């Protein structure tokens, strides 16, 4: 028996939960993705159990009623395919939505192809507020919809993960530190870190940070992102650097290399969405009648800068 797992909800509501108030942005992301995966796995297991129960009763009824419909058509679930994993915002690729029904259907697409426009929270900088999943096949009890995200070398597509959130710590992203001879435990505000290409895409900018030097004057205990110089798209592999003299005093420099842990990503949600038949007809195979595809879903799908 599957253990019930509550949906983490939207990213905004998740960050406001009382049990998350003292977590860092990196800890929040890790916990959110974990709860999201556990919830989708729970939904998937429920669908499988319901299918086995219903299919057994349906088969028995059909044997006695020469193929007549068993009961009332129902949508058992409408979820992002748990097997797909997170959407990759740089390399792109395909993800699916699965609609599982109580009874088998056939889909007539002669007059149009159904689709679902899911919501994009755009917290990661995606260029569109919706992503379209288009119907591509039916396997009897299941209809499948697919979204193919094009590759985006600059991490700036319809679904993206190119945002550094305000007040996020960059200390763990420091990859080079040659600072030395600095006055210890000094706070500096609005320190500029200069952007360089690194191995990431283009479109990024210099940033402003707040810093605090370590007690020994040979590093930074605090490095907090404030804002970019202008609208920017960040990707893993890009670098940001500043010299000791620019920070306060001393010699050497410090380099930050952007990675997925410091980037905020878009999340897609099926909440409040619906199938647009677009002229198509969905027909129950048991009695030949048309059926609607109304559902209520809380399924979400996150993205990663990969």
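Coordinate-derived values only; no laboratory data. Since this is a predicted model, take the numbers as computed values, not measurements. Neighbour counts are summed over all protein chains in view; Cβ atoms, including those assigned to glycine, are modelled from backbone coordinates with ideal geometry.
Remarks
- Rg and Dmax of the stretch 171-262, based on Cα coordinates, read 12.5, 36 Å.
- Estimated inter-spin distance, residue 74 and residue 129, nm [label 7 Å along Cα→Cβ]: 3.5
- Folded to 0 to 90 degrees: helix 25-65 orientation relative to the chain principal axis, Cα: 10
- Cut-off 17 Å (backbone N to label point 7 Å along Cα→Cβ of residue 185), residues of the stretch 202-229: 211-222
- Residue 289 paired with residue 196, simple spin-label distance in nm, labels 7 Å along Cα-to-beta-carbon: 7.0
- Cα centroid separation, the stretch 81-129 to the stretch 186-241 (Å): 36
- Taking other C-beta atoms within 10 angstrom as a stand-in for reagent exposure, 118, 191 fall in the order 191, 118, fewest first.
- Most fluctuating residue given options 200, 124, 217, as computed from a GNM of the chain linking Cα atoms under 10 Å: 217
- Expected 222 nm ellipticity per residue - DSSP helices of 4 or more, -39500 (n - 2.57), all of the chain, to 500: -5500 deg cm²/dmol
- Two-decimal log10 I(q)/I(0) for the stretch 117-231, as the Debye equation yields it once each C-alpha is a single scatterer, q = 0.14 Å⁻¹: -0.73
- Normalised by 2.2 N^0.38 Å, where N is the number of residues, the alpha-carbon radius of gyration of the chain equals 1.28.
- Gaussian network model of the chain, springs between alpha carbon atoms under 10 Å - residue of 183, 273, 213 with greatest fluctuation: 183
- Contour excess over end-to-end distance, with Cα ends at residue 35 and residue 113 and 0.36 nm allotted per residue: 24.7 nm
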